[in-house]
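Since the structure comes first, as structure tokens, the remarks are kept for the end.
The values are calculated or read from the model by the stated rules, or taken from the named source; none is laboratory data. Since we're looking at a predicted model, the values are computed, not measured. Counting neighbours? That spans all protein chains shown, and the Cβs are built from the backbone with ideal geometry, glycine included.
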Amino acid sequence: MTSEQVTLAAGRRHAYWQTALTAAVVAAVGYAVHRHWPVLRTGAVRLAVADQRWLLAGALAAGATWVCAALAQQGAVRRRLPAGPLVAAQFAATAAGQLLPAGIGAATVGLRFLVRCGLTPGRSAAALAVKAAAGAVVRGALLVALAAGCPGVLRMPPVPVAGAAVLAVVLCGAGAVLWRRCRPGLAAVLADLRALHARPARAAALWGGSAAFVALHALVLVAVTRAVALPLAADRVALLYLAASGAAALLPTPGGLGSLDAALALALTAAGAPAPAAASVVLGYRLLTGWLPLLPGLLVLGVLVRRRTL
């Protein structure tokens, strides 16, 4: 068996595992919806009579996230990209990400767009990795800053010393394995980051776009909490969003389906929100960031493919 065949076989096994994981999560979500249907129905009714002005503000913030994503992607590339198609590609990537697990859809759209713009596949993949790395750093920095400013919001459950020791050993072992496998890729990403920082405009676009993208998603959640009259401070809601989205990233599903919903609902209820109100907020956030843009995003995706932009 050639190396190419081995790579393809490994890719198929990885795809099978992701598909199985997604199916399991969707089944669990279906069971949870059936079990908690009265709460979800009450939450949907509450969302239907919510303050439309706040929902409009949330929709505008959600729309601005695609512009910020395009800005961050431009910051990760030395070559100037066409602005209109770049924003359209980010919009289409969001829709594709709702249908395929672990960001595969969004990454595929982004990769094809960059290749069509004249970058090599290797440089395109590196640009996507740089953008993802900047986003992760921004999320971590904002999480630490907000956690310091809102003490007591994120409470860790008590863990026995023995359990903590076992967990630390497992994490160290997993980290060592991942480091050996990812070290060449990480070195390439760091090299690209250093090269981009030699051009201040590109660095500002990368970090500014990444920070604005995260902040606007948090703002969408804040707007929905205001729409349903949930009395939580904006900085607390932003902190809960960052914590929930970080936890949901550990369980890769299409668009965070199930994992992000459960994490957000759990975080909001732990912060003192009633279950129906938490359900309303999660439904509203999903509506503005995922469900409403899905069909238009797929239409834009089709147009970009027909025009050979992808």
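Some observations on this one:
Listed here are the residues, each with its yes/no results for (1) among the basic types (K, R); (2) in a helix (DSSP H, G or I).
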site	(1), (2)
G58	no, yes
V67	no, yes
A72	no, yes
V87	no, yes
A92	no, yes
V109	no, yes
L119	no, no
R123	yes, yes
A129	no, yes
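- Selection of first residues in region 113-130 that are without any contact (Cβ under 8 Å) to a residue 12 or more places away in the chain and under 16 Å from A69 (Cβ atoms) and of second residues that are assigned to a loop (DSSP other than H, G, I, E, B) and basic (K, R), restricted to Cβ pairs under 9 Å at least 6 apart or on distinct chains, gives an empty result.
- Residues of region 66-83 classified as modelled with pLDDT of 95 or more and over 12 Å from G208 (Cα atoms), total: 1
- Positions within region 242-264 being crowded, with 22+ Cβ neighbours inside 10 Å, within 11 Å of the chain's Cα centre (by Cα) and modelled with pLDDT of 80 or more, in sequence order: L242, A244, L260
To keep it simple, each residue is scored yes or no on (1) in contact with a helix residue (DSSP H, G or I) (Cβ under 6 Å, 6 or more places away or on another chain); (2) farther than 15 Å from V138 by Cα; (3) outside any helix (DSSP H, G or I).
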position: A198; (1), (2), (3): no, yes, yes
position: A218; (1), (2), (3): yes, no, no
position: A223; (1), (2), (3): yes, yes, no
position: R226; (1), (2), (3): yes, yes, no
position: L232; (1), (2), (3): yes, yes, yes
position: Y241; (1), (2), (3): yes, no, no
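- In region 200-215, residue nearest to G272 (Cα to Cα) [restricted to those that are surrounded by 21 or more Cβ atoms within 10 Å (Cβ to Cβ) and touching a Cys at 6+ places or on another chain (Cβ under 6 Å)]: F213
- The conditions of being surrounded by fewer than 21 Cβ atoms within 10 Å (Cβ to Cβ), under 23 Å from A50 (Cα atoms) and at pLDDT below 95 are met by D235.
- Which numbered condition T289 misses (of (1) surrounded by 23 or more Cβ atoms within 10 Å (Cβ to Cβ); (2) over 17 Å from the mean Cα position of the chain (by Cα)): (2)
- Residue match in region 77-98 (condition: touching a Pro at 6+ places or on another chain (Cβ under 7 Å), more than 20 Å from V303 (Cα to Cα) and not aromatic (F, W, Y)): no
- Among the candidates Q90, Q73, residue that is free of Cβ contacts under 8 Å to residues at least 60 places away in the same chain and crowded, with 23+ Cβ neighbours inside 10 Å: Q90
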